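The values are calculated or read from the model by the stated rules, or taken from the named source; none is laboratory data. For clarity, every value in this text was computed on a predicted model and none was experimentally measured. Backbone-built Cβ (ideal geometry, glycine too); neighbour counts: all protein chains shown. Note: areas computed on protein heavy atoms with side chains; ligands, DNA, RNA excluded. Shrake-Rupley method; radii C 1.70, N 1.55, O 1.52, S 1.80 Å.
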Amino acid sequence: MPKTEKSRVLVLADHRPNGLEEVADHAELVCIPEDRLAAELPHADALLVWEFGTEALPGAWPEHGGPRWVHTASAGVDRLMFPALRDSDAILTNSRGVFEQPIAEYVAGQIIALAKDFAGTYDRQRDHVWRHRVTQRVWGTRAVVLGGGPIGRAVVRTLRALGIETDLVGRTRREGDPEVGTVHAFDELDALLTRADWVVCAAPLTEQTQDLFDAATFARMKRGARFVNVGRGPMVVEKDLLSALEEGQLGGAALDVFREEPLPADNPLWDAPNLLVSPHMSADTDTWLDDLAEVFADNFTRWRAGRPLRNVVDKELGYVPVADAPQAAAEEGSR
């Protein structure tokens, strides 16, 4: 049913984000810091987790009452998968649609940077050293992308445009996917790793993917393969990655996410051979904050009108099922 009264919408942020003016016209929009969460949540109808890196929500979630809808300004929802929220009746939505192409461009850029040894070029330029060398052609190489959601699919499309033969791995096998062809099942990953020149992790953090990339997984990869992680830091056992780089099992890697963020200055990954480190920025473009606000504002309009929300997370799976994609695409195409 459409909502006729003003709802109380909390925004976990130290200031009101731009782009929420229409929401403020139809709701009591209140921005709160983390230390006010516990007091305010029981009286909220909806919560926008703008500060998506927060760890405060589990301890502040009320035993009774609380938001009927929680939206996060992120694609990943692992920080929100605590029992009280997962077991509640609250609908959880994410910001799918904002990050896919920027992350795909980041992955493509890192693959080209590793293949063309841009880091080595920058080092030699800084030292005023002219040293000719050959680099790798990416056209005709092979990649495996783990993560069958929109981000993984955008990565596949972009890498295929570069002439990279790319396999996509999701939770279950699907033949004849209209966008990517065959989606391989998770249990096919090990076999695919043995022939991949590039391995890209773009999956959500779940019990299945926690610590997935360990010494055994790196050992299965083709010697000299490169690894890119734009998923979540805890999917990688970092000491095993460091060893694989030092021993030459991996020819290089690019990490945008880490187990501890910010990455401590004394972490050995900073000095690992052939490793490109970026500070969790692969999705952050010059328009991303406006885009995030637009996704929430659109969902608020739907919520207020009693219409189905976009990007509803399956709280048992821990992500938005791909089955939701055709409906979302049709809705977006009609706007």
request  = Give me a count of the residues in segment 9-52 that are touching a His at 6+ places or on another chain (Cβ under 8 Å) and either open to solvent by 90 Å² or more (accessible area, probe 1.4 Å) or free of Cβ contacts under 8 Å to residues at least 60 places away in the same chain (or both).
outcome  = 4
task = Within segment 53-62, track down each residue that is closer than 10 Å to Leu85 by Cα and either open to solvent by less than 10 Å² (accessible area, probe 1.4 Å) or not aromatic (Phe, Trp, Tyr) (or both).
result = Leu57, Pro58, Pro62
remark   = So, first residue farther than 12 Å from Thr166 by Cβ and assigned to a loop (DSSP other than H, G, I, E, B) in segment 186-213, second residue of a type in the set (D, E, K, R) and modelled with pLDDT under 95, Cβ within less than 7 Å, six or more apart or across chains; the pairs are Pro204/Asp78; Leu205/Asp78
remark   = Here the residues within segment 122-173 that are more than 30 Å from Gly97 (Cα to Cα) and part of a helix (DSSP H, G or I) are Tyr122, Asp123, Arg124, Gln125, Arg126
note = Condition set of a type in the set (Gly, Ala, Ser) and within 19 Å of Ala113 (Cα to Cα), scope segment 232-258, selection surrounded by the most Cβ atoms within 10 Å (Cβ to Cβ): answer is Ala253
Tally of residues being modelled with pLDDT under 95, open to solvent by 20 Å² or more (accessible area, probe 1.4 Å) and not acidic (Asp, Glu) across segment 63-80 = 5
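Run down Arg157, Arg153, Arg126 and say which single residue is of a type in the set (D, E, K, R), over 27 Å from Val295 (Cβ atoms) and either modelled with pLDDT of 95 or more or open to solvent by less than 40 Å² (accessible area, probe 1.4 Å) (or both).
Details: Arg157 fails: over 27 Å from Val295 (Cβ atoms); Arg153 fails: over 27 Å from Val295 (Cβ atoms).
The match here is Arg126.
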ask   = Of the residues Asp284, Asp290, which single one is open to solvent by 50 Å² or more (accessible area, probe 1.4 Å), assigned to a loop (DSSP other than H, G, I, E, B) and touching a residue at least 60 places away in the same chain (Cβ under 8 Å)?
value = Asp284
